[in-house]
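Asks: Sharing a structure here in C-alpha cells format.
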Amino acid sequence: MIPVPAPSKVPQPVETGTTGRKPLYKSLFAQILVAVVAGILIGHFWPDLGSGLRPLGDGFIQLIKMIIAPLIFLVIVTGIAAVGDVKAVGRVGVKALIYFTAATLFALVFGLVVGNIVQPGAGLNIDPASLSQDALNAKTATAPPKDAGQFLLGIIPTSVVGAFASNTLLQVLCFSVFFGAAIVVVGRERCLPVVTLLETVLELFFKIMTWVMRVAPIGAFGAMAFIIGQYGLGSLSTYALLIAACYGAAIVFIGLLFIVAWVYPRVPLWQFIKYSREEFLLALGTASTESVLPRIMTKLTNAGCSRATTGLVVPTGYSFNLDGAALYLSISLLFLAQAFGHQLDLGQQLVALGILMLTSKGMAGVPGSAFLALSATAGALGIFPVAGVALLLGADRLMDSMRVSVNLLGNCVATFVVAKWEGQFDREAMLRAFRGELPAEELAADAAELEPAVGSSVTHAVTENAETHDGGPSAAPDSVPVPAR
C-alpha cells in the first residue's frame with residue numbers, strides 16, 4: 001500500500017462582498033448545452049448547412065489531440081517520479097488490466113443477454129444477394145485488422161518521436177512508463193532538474209488546455225450540427241429496436257457502475273458526474289471521448305486519485321476498457337444474425353464472445369474499428385456474409401452518445417477502483433472537490449480578476465495565502481491544478 005500524502009488545508013475564499021458565482025452565460029456547461037441544442041436545430045432544419053459545419057467539430061478535436069500525447073507523457077512521468085516506486089507502477093498496471101478484462105467480459109456477456117431477450121433483428125429477413133461490399137470497404141479501408149500478436153507489438157514504439165507524431169497513445173504510455181521508471185531508479189535527487197522542468201512544462205500545458213476549452217462550445221455546435229444534418233433524426237425509426245436495446249442496456253450498465261463505485265471506493269457517482277458535467281456534455285456533443293481526455297484526467301486527480309494512477313489507467317482504458325463499445329458489438333452481432341434469419345446457439349455465442357474480447361481491444365481512435373471487429377467475428381462464424389455488417393452503417397453514428405457516455409464513465413470508475421485498490425485514493429480530497437472548494441491558485445486568479453473592482457489588497461491577501469499552501473488535490477470544475485501534488 002502506498003501512503004497518500006496528507007492533503008494541505010484548503011484555503012477559504014476571501015470575502016469580497018460578492019457571491020463568487022459565475023454568471024450563467026460564463027458557465028462552460030451552459031455554453032456547451034446551448035451549443036448542442038443549437039447544433040441539433042441547425043442540423044434538423046438546415047441539413048446542408050449542418051453538414052457543412054463539420055470542420056468546426058473536427059478542428060476542436062484536433063486542438064485537443066495537439067496536447068494529448070505530451071500531456072499524458074508529462075502526467076505519467078511526474079506521477080511516477082512522485083510515487084518513487086517502480087513496483088507500485090507495475091502493480092497499478094496489472095490491477096488496471098485485471099479490472100479492464102473483467103469489465104469488458106461482463107459488458108459483452110450482458111450485451112449478448114440483452115440481444116437474446118430483445119431480438120432486435122428478428123423479422124427483417126434480409127436477402128444476402130442484395131448486399132454490397134463497397135460501402136463497408138469504404139468505411140474500413142483505412143484500418144486493416146490486426147491479430148493479437150500485431151496488436152501487442154504495436155504498443156512498443158519503433159520511434160519515440162514517431163509515437164508522439166502519430167498520437168499513438170499506447171506507445172506514448174509505454175515510453176512514459178520507461179522514462180518515469182528510469183527517473184526512480186537513477187534517483188529523484190539526481191534527476192531533480194529534469195523533474196522540475198517537466199512539472200513546469202506540465203503547468204504550461206494545463207494553461208494551454210484552458211485556452212483550448214474556451215472554444216469547446218464551437219466544437220460541440222459544429223459536431224452536433226454535422227451529425228444531425230448528415231444522418232437526420234428520421235433515421236431513428238429505421239433501427240428503433242436496435243437503438244432501444246443498446247440504450248436500454250447502457251442505462252442498466254451505468255446503474256451497475258453506480259453500484260460498483262459506491263460499494264468499493266465509496267464514490268457517489270452522481271456527484272462525480274455533476275462535478276464533471278462539462279466534460280460529459282462535451283464528450284456527448286462531439287461524440288468523442290478524446291475531446292475530454294486531458295480535462296477528465298485533471299478532474300480525477302483533483303477528486304483524490306493519485307496522478308500516477310490516473311495517468312496510467314485513463315489512457316490505457318481508452319484502448320482496453322471500452323464498455324460502451326463492447327455492449328454495442330455484442331448486441332449488433334445478434335442483430336445481424338437475426339436479420340439474416342439465424343439464431344446463434346450457445347456454442348456459437350461463446351466463440352463470438354472470445355473473438356470480440358480480442359477484436360474489441362484497441363478500438364479507440366481507429367476509423368471503422370467497430371465494423372472491423374464485427375467483420376472479423378462474422379468471418380470466423382461463417383453464418384452470415386461479412387458484407388452484412390454494412391447494414392449497421394446507418395445506425396452506427398446514432399450509437400455514438402451511448403458508446404461515449406458508457407466508455408467515459410466506465411474509465412472514470414476504473415480509475416477510482418484501481419486507485420482505491422492500490423491505496424492511492426484520498427476520499428476527503430474527493431469530497432472537497434465535489435463541494436467546489438477552491439484551491440489557492442484559483443483564489444489568486446479570481447482575486448486578479450476582481451482587482452479592478454475591489455483593489456489590490458484582496459489580490460495581495462490571496463497571493464500570500466496561496467504561497468503558504470500547495471492547493472491540495474481538490475479543485476473547482478474550471479480550475480487548473482498545480483502539477484506538483
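The values are calculated or read from the model by the stated rules, or taken from the named source; none is laboratory data. From a predicted model like this one, the values you see are computed outputs, not experimental measurements. Cβ coordinates were reconstructed from backbone atoms using ideal geometry, including for glycine residues, and neighbour counts include every protein chain displayed. Surface accessibility is based on the protein's heavy atoms, side chains included, excluding ligands, DNA and RNA. Shrake-Rupley method; radii C 1.70, N 1.55, O 1.52, S 1.80 Å.
Asks: Go through the stretch 90-108 and count every residue that is aromatic (Phe, Trp, Tyr) and modelled with pLDDT under 90.
Replies: Initial filter on the stretch 90-108 (aromatic (Phe, Trp, Tyr)): 99-100, 106.
Filter once more, keeping what is modelled with pLDDT under 90: none.
Number of matching residues: 0.
Asks: Suppose the filter is surrounded by fewer than 24 Cβ atoms within 10 Å (Cβ to Cβ), at pLDDT below 90 and not in a loop (DSSP other than H, G, I, E, B); does LEU344 pass it? Can you show your working first?
Replies: Values: surrounded by fewer than 24 Cβ atoms within 10 Å (Cβ to Cβ): yes; at pLDDT below 90: yes; not in a loop (DSSP other than H, G, I, E, B): no.
In short, no.
Asks: In contact with a Ser or Thr (Cβ under 8 Å, 6 or more places away or on another chain), more than 30 Å from ALA81 (Cβ to Cβ) and crowded, with 21+ Cβ neighbours inside 10 Å: is that true of LEU333 in this structure? Spell out how you get there, then give the answer.
Replies: Details: in contact with a Ser or Thr (Cβ under 8 Å, 6 or more places away or on another chain): yes; more than 30 Å from ALA81 (Cβ to Cβ): yes; crowded, with 21+ Cβ neighbours inside 10 Å: yes.
Considered against the rule, which asks whether it is in contact with a Ser or Thr (Cβ under 8 Å, 6 or more places away or on another chain), more than 30 Å from ALA81 (Cβ to Cβ) and crowded, with 21+ Cβ neighbours inside 10 Å, LEU333 comes out as yes.
Asks: Pairs, please: C-beta under 8 Å, at least 6 apart or cross-chain, first residue touching a residue at least 24 places away in the same chain (Cβ under 8 Å) and more than 17 Å from PRO47 (Cα to Cα) and in the stretch 206-230, second open to solvent by less than 30 Å² (accessible area, probe 1.4 Å) and not in a helix (DSSP H, G or I)?
Replies: Correct list of pairs: PHE206/PRO481; PHE206/PRO483.
This table checks each residue for (1) within 18 Å of ILE80 (Cβ to Cβ); (2) at pLDDT 90 or above; (3) part of a loop (DSSP other than H, G, I, E, B).
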residue	(1), (2), (3)
PHE151	no, no, no
ALA163	yes, no, no
ASN167	no, no, yes
LEU173	yes, no, no
VAL177	yes, no, no
ALA181	yes, no, no
VAL194	yes, yes, no
LEU204	no, yes, no
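Asks: Also: Being in contact with a Pro (Cβ under 9 Å, 6 or more places away or on another chain) and aromatic (Phe, Trp, Tyr) is the filter here, so list the residues in the stretch 294-343 that pass it.
Replies: If the condition is that a residue be in contact with a Pro (Cβ under 9 Å, 6 or more places away or on another chain) and aromatic (Phe, Trp, Tyr), then PHE335, PHE340 are the ones that fit.
Asks: Identify all residues within the stretch 270-296 that are of a type in the set (A, V, I, L, M, F, W, C) and closer than 14 Å to ALA433 by Cβ; write none if there are none.
Replies: Pass one, the stretch 270-296, residues of a type in the set (A, V, I, L, M, F, W, C): 270, 272-273, 280-284, 287, 292-293, 296.
Scanning the stretch 270-296 gives PHE272, ILE273, ILE296.
Asks: While we're here: List the helices (runs of 4 or more DSSP H) that sit entirely inside the stretch 384-485 and contain at least 2 residues that are buried (at least 23 other Cβ atoms within 10 Å of the Cβ) and modelled with pLDDT of 50 or more.
Replies: Numbers: elements: 393-396, 400-421, 427-435, 440-454, 456-467.
In the stretch 384-485, the matching helices (runs of 4 or more DSSP H) lie at 400-421, 427-435.
Asks: Looking at GLN271, is it in contact with a helix residue (DSSP H, G or I) (Cβ under 7 Å, 6 or more places away or on another chain), among the polar types (S, T, N, Q), open to solvent by 40 Å² or more (accessible area, probe 1.4 Å) and closer than 30 Å to ALA122 by Cβ? Steps first, answer last, please.
Replies: Details: in contact with a helix residue (DSSP H, G or I) (Cβ under 7 Å, 6 or more places away or on another chain): yes; among the polar types (S, T, N, Q): yes; open to solvent by 40 Å² or more (accessible area, probe 1.4 Å): yes; closer than 30 Å to ALA122 by Cβ: no.
So GLN271 does not fit the description; no.
Asks: Among the listed residues GLU199, GLU189, identify the single one that is buried (at least 18 other Cβ atoms within 10 Å of the Cβ) and of a type in the set (D, E, K, R). So that I can check it myself, show each step before the final result.
Replies: Numbers: GLU189 fails: buried (at least 18 other Cβ atoms within 10 Å of the Cβ).
When all the criteria are applied, what remains is GLU199.
Asks: Can you run down the residue pairs with Cβ atoms below 7 Å, 6 or more apart or on separate chains, where the first is in the stretch 81-107 and at positive phi and in contact (Cβ under 8 Å) with a residue 60 or more places away in the chain and the partner is part of a helix (DSSP H, G or I) and crowded, with 16+ Cβ neighbours inside 10 Å?
Replies: Partner pairs satisfying both residue conditions: GLY84/VAL184.
Asks: Any residue in the stretch 121-137 that is assigned to a helix (DSSP H, G or I) and at pLDDT 85 or above? Before the answer, list the steps.
Replies: Of all residues in the stretch 121-137, those assigned to a helix (DSSP H, G or I) come to 128-130, 134-137.
With the extra rule that they be at pLDDT 85 or above, the set shrinks to none.
The answer is no, given that none of the residues of the stretch 121-137 is assigned to a helix (DSSP H, G or I) and at pLDDT 85 or above.
Asks: Test VAL37 against the stated conditions and say whether it is under 24 Å from the mean Cα position of the chain (by Cα), of a type in the set (Val, Ile, Thr) and either open to solvent by 60 Å² or more (accessible area, probe 1.4 Å) or at pLDDT 85 or above (or both).
Replies: Working: under 24 Å from the mean Cα position of the chain (by Cα): yes; of a type in the set (Val, Ile, Thr): yes; either open to solvent by 60 Å² or more (accessible area, probe 1.4 Å) or at pLDDT 85 or above (or both): yes.
When the stated conditions are applied, VAL37 passes them.
Asks: Tell me yes or no: at least one residue of the stretch 47-58 is under 16 Å from TYR318 (Cα atoms) and either at pLDDT below 85 or surrounded by 15 or more Cβ atoms within 10 Å (Cβ to Cβ) (or both).
Replies: No; the residues of the stretch 47-58 include none that is under 16 Å from TYR318 (Cα atoms) and either at pLDDT below 85 or surrounded by 15 or more Cβ atoms within 10 Å (Cβ to Cβ) (or both).
Asks: I've got another one for you. Between residues in the stretch 405-420 that are aromatic (Phe, Trp, Tyr) and residues that are open to solvent by less than 10 Å² (accessible area, probe 1.4 Å) and part of a helix (DSSP H, G or I), which pairs lie under 7 Å by C-beta distance while being six or more apart or on different chains?
Replies: Pairs that qualify, where the first residue is aromatic (Phe, Trp, Tyr) and the partner is open to solvent by less than 10 Å² (accessible area, probe 1.4 Å) and part of a helix (DSSP H, G or I), are PHE416/ALA261.
Asks: Still on this structure, I have one more. Scan the stretch 285-330 for residues that are closer than 21 Å to ILE251 by Cβ, modelled with pLDDT of 85 or more and open to solvent by 10 Å² or more (accessible area, probe 1.4 Å) and jot them down.
Replies: Passing the criteria: only LEU322.
Asks: Also, I was wondering about something else. Hey, could you check the stretch 74-89 for residues that are touching a helix residue (DSSP H, G or I) at 6+ places or on another chain (Cβ under 9 Å) and open to solvent by 30 Å² or more (accessible area, probe 1.4 Å) and say which is nearest to GLY423 (Cα to Cα)? Walk me through it before giving the result.
Replies: Step one: list which residues in the stretch 74-89 are touching a helix residue (DSSP H, G or I) at 6+ places or on another chain (Cβ under 9 Å), which gives 74-86, 88-89.
Filter again for open to solvent by 30 Å² or more (accessible area, probe 1.4 Å), leaving 82-86.
On the way: ALA82: 15, VAL83: 12, GLY84: 15, ASP85: 13, VAL86: 15 Å.
Ranking the qualifying residues of the stretch 74-89, first place goes to VAL83.
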